[in-house]
Amino acid sequence: MIRIAVIGDIGSGKSYAAKQFGYPVFNADKEVEKLYKKNRNCYRKLKKILPRFISSFPIKKSEILNAIIGEKNNLKSIVKIVHPEINFQMKKFIKKNRKKKFVILDIPLLLENKINKKNDILIFIQASKKEILKRLKKRTNINFKIIKKFKKIQLSIEFKKNKSNYIIKNNFNNISLENNVKNTLKKILSNA
């Protein structure tokens with residue numbers, strides 16, 4: 001099984017691109033959502049370190065956002081609790097899909113949390129900052145303070161781009177992106 005990791009800037013279209021490969025996708029953002037809704041152990045740990053912000057189970061997204069904005073180091077504290085749980089879910093996903101030719105990893109902090117393996121194929125989704133900003137502004141409940149905090153804990157876009165095996169340009173035209181993904185997949189298959 002070959003692991004393909006889709007990386008890039010916040011709002012660059014990583015999740016959409018990941019789905020276009022046609023193989024099982026591990027979406028860390030969706031797993032985090034599930035964690036907040038279903039994992040009481042995670043709730044207890046977060047409640048213990050963030051008692052002013054986390055009040056009830058299931059954990060509300062607004063409580064997490066308020067905690068991140070509320071104090072400087074809260075995001076790092078949250079990541080320390082959530083990361084091992086997401087890593088565990090990823091391992092289950094990989095085990096479940098071990099007979100597939102590829103699995104796609106859509107994990108925003110993949111490199112930062114050192115989840116990537118040496119043989120992973122890293123694909124950088126490149127999009128213009130102007131287009132990303134336009135798309136982010138269209139999202140409901142977007143909070144640029146939160147985005148700024150996440151960007152502070154992320155590696156630079158240039159670093160991620162340089163680490164990547166392939167770069168897929170996303171001009172936010174679905175057909176164009178789908179073709180770019182297909183062409184990249186053909187290149188990967190020819191080198192496999």
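Could you work out the local net charge near Ile104, counting Lys and Arg as +1, Asp and Glu as -1, over the other residues with Cβ closer than 9 Å to its Cβ? With Lys, Arg at +1 and Asp, Glu at -1, the neighbours total +1. At full extension, Ser56 and Asn179 could sit 39.8 nm farther apart than now, given 0.36 nm per residue minus the alpha carbon distance. Looking at the calculated P(r) for the chain, what percent of the C-alpha pair distances fall above 29 Å? For the chain, the share of Cα pairs beyond 29 Å comes to 25 percent. So how far, in whole Å, is the C-alpha centre of region 178-192 from the one of region 7-41? Between the Cα centres of region 178-192 and region 7-41 lies a distance of 21 Å. For region 102-187, trypsin sites (Lys or Arg not before Pro) meeting the loop criterion (DSSP other than H, G, I, E, B) and having at most 10 other Cβ atoms within 10 Å: Lys114, Lys117, Lys118, Arg139. Charging the Cβ of each Asp and Glu at -1 and of each Lys and Arg at +1, and nothing else, the dipole of the chain about its Cα centre rounds to 400 debye. Only helices enter the 222 nm calculation for the chain: every DSSP H run of n ≥ 4 contributes -39,500 (n - 2.57), and dividing by all residues gives -17000 deg cm²/dmol, rounded to 500. Between the amide H of Leu122 and those of Ala5, Asn165, Tyr166, distances stay under 5 Å, these residues lying 5 or more places away or on another chain, with hydrogens modeled in the peptide plane.
Using the alpha carbons of region 28-96, what is the convex hull volume per residue in cubic angstrom, as a whole number?
Value for region 28-96: 77 Å³ per residue.
Build a GNM of the chain with springs between Cα atoms under 10 Å apart, and of Ile153, Ile94, Ile132 the one that fluctuates most is Ile153.
Bear in mind that the values in this text are calculations on the coordinates, not laboratory data. As the structure is a computational prediction, the values presented were derived from the model and not from experiment. Please note: Cβ atoms are built from the backbone with ideal geometry, for glycine as well, and neighbour counts cover all protein chains shown.
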